[in-house]
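The values are calculated or read from the model by the stated rules, or taken from the named source; none is laboratory data. The structure presented is a predicted model; accordingly, all values stated were derived computationally and were not measured. Note: ideal-geometry Cβ built from the backbone for every residue, glycine included; neighbour counts use all protein chains shown. Ligands, DNA and RNA are stripped out before the accessible areas are found, and what is left, the full protein with its side chains, is counted by its heavy atoms. Shrake-Rupley method; radii C 1.70, N 1.55, O 1.52, S 1.80 Å.
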Amino acid sequence: MLKVLITCVWLLGSTYGVMAHATSVVFLNPGVSTETFWVSYTQFMQAAAKDLGLELRVRYGERNPDNTLLQAREVLQGSQRPDYLVLVNEQYVAPQILRMAEGSGVKLLLVNSALTPDQMHLLGTRSGIRLIGSLVADDEEAGYLMLRDLLRQHGPVAPGQSLDLLAFSGVKTTPGAQLRERGMRRALAEHPEVRLRQLVYGEWSRERAFEQATQLFKRYPQTALVWSANDQMALGAMQALQASGRLPGKDVLFSAVNSSPEILQARLDGRLSSLVAGHFTVGGWAMVLVHDDAKGLDIGAYGGRDRQLTLFQLIDAGQARRLLGPTPSVNFRVLSAQGKPESYRYPFSLRLLLR
């Protein structure tokens, strides 16, 4: 009887220990706490963390890199350090945070924007930095796909004729904005009939893009195409066109990135001609990598430690309707490499939500 009681106490203590020591994660979200993209990104990430038994806390930087650096210092130098810190190299803040983390014992994972080659060179091989890898979407491909799709929908122009294009990029010092712009320019190089009249930095803001577009449509009244690096800028530019008495989707074709309800509805209504989405899932997939690393798995063995995923895809009307509906559930535990053969590769894809 005593032996049974001791065994029960031991089992209870073991169970309590597991519960009390759930792997803890802090995510330094660079966005605004009311921003549709970063809120949906966080929700998907939280669903993954819950499914995987991770304890996740999210700190919003409100698009101010100084806030993010202050939050990183509090997390890394405080008494309640997490096991993992997930961060974005937004406005190139990652090296400063990595240096703060040196010797802290906290493991780090970069998402959405990885280190640039120059940053990697400057950091060198610091043994006290426990960087387990990076997980990013192919932003250049997103910019390329949008313009190519816009041109496909517009159709060919007569010989000797041209198409006027306006472009709205994000924050100039954000890697994602730069890469999407690079993709757009790659598509432009393939289509000399398109004239980029002006590229402006809307800083991801609907209001700023509205103000910019109001002036640009007056300056370039023959504008046929508008390329936007996110949904909010596209919505602002569409609003400006409507205010001028013209119709988005008929008089001018628009493109956008992201999957907010408003932009999905615009895709269904035909006001938005081309939509690319998928990278809101990055944080959720990152939780799978954190889970597996915490379990002692070598995540690099299943596709590499630094991953660029083909997450962006063109969203047609049917897929927009699917994404507007109830959020599809994903079994994140099934995606873990735990118990999988050496040939296994993480199948991270937007298609997991569109089935």
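Quick look at the values:
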item: [x] 5, 19, 26, 23, 14, 10, 3, 0; [y] 5, 23, 30, 22, 12, 5, 2, 1, 0, 0; [z] 6, 28, 38, 24, 4, 0, with the label sought being that of the calculated P(r) over Cα pairs in 10 Å bins from 0, in percent; result: [y]
item: Carbon/sulfur fraction of accessible area - the chain, other protein chains in place, 1.4 Å, %; result: 52
item: Gaussian network model of the chain, springs between alpha carbon atoms under 10 Å - residue of A158, A72, A256 with greatest fluctuation; result: A158
item: Ordering of 312-321, 112-121 by burial proxy (mean other Cβ atoms within 10 Å per residue, highest first); result: 312-321, 112-121
item: Choice from G105, G155, G176 showing the highest fluctuation, given a GNM over the chain with Cα pairs closer than 10 Å; result: G155
item: Long-range HN-HN contacts of L56 with modeled amide H, under 5 Å; result: V25
item: Counted charge near L76, where neighbours are those whose Cβ lies closer than 13 Å (Asp, Glu -1; Lys, Arg +1); result: +3
item: Estimated FRET transfer efficiency (Q119, R182; beta-carbon r; R0 25 Å; 0.05); result: 0.90
item: Cα-projected label distance for L70 with D269, points at 7 Å along beta-carbon direction, nm; result: 3.9
item: Accessible area per residue, Å², the chain with all protein chains present, probe 1.4 Å; result: 47
item: Nearest 10 degrees, 0 to 90: helix 282-294 Cα axis against the chain principal axis; result: 20
item: Efficiency of FRET from Cβ geometry, Q43 and Q77, R₀ 30 Å, rounded to 0.05; result: 0.55
item: Spatial separation of Cα centroids for segment 192-253 and segment 105-123, in angstrom; result: 34
item: Among L163, S343, G278 - extreme Cα towards positive end, dipole of the chain, charges at beta-carbon; result: S343
item: Förster-model FRET efficiency, 56 Å R0, A189 and Q338, C-beta, rounded to 0.05; result: 0.80
item: Difference of contour (0.36 nm per residue) and Cα-Cα distance, R57 to Q161; result: 32.0 nm
item: Helix-only [θ]222 nm of the chain, DSSP H runs n ≥ 4, -39500 (n - 2.57) each, per residue, nearest 500; result: -14000 deg cm²/dmol
item: Over segment 24-80, equivalent-ellipsoid semi-axes from the Cα gyration tensor in Å; result: 19, 17, 5
item: In the chain, lysine pairs closer than 23 Å at Cα, eight or more apart or cross-chain; result: 6
item: Accessible area of E190 in the full protein assembly, 1.4 Å probe (Å², nearest 10); result: 90
item: Hypothetical label at K218: residues of segment 226-251 whose amide nitrogen lies under 14 Å (7 Å Cα-Cβ projection); result: 240-241, 243-245
item: Listed residues G249, G303, G278, most fluctuating in the chain (Gaussian network, C-alpha, under 10 Å); result: G303
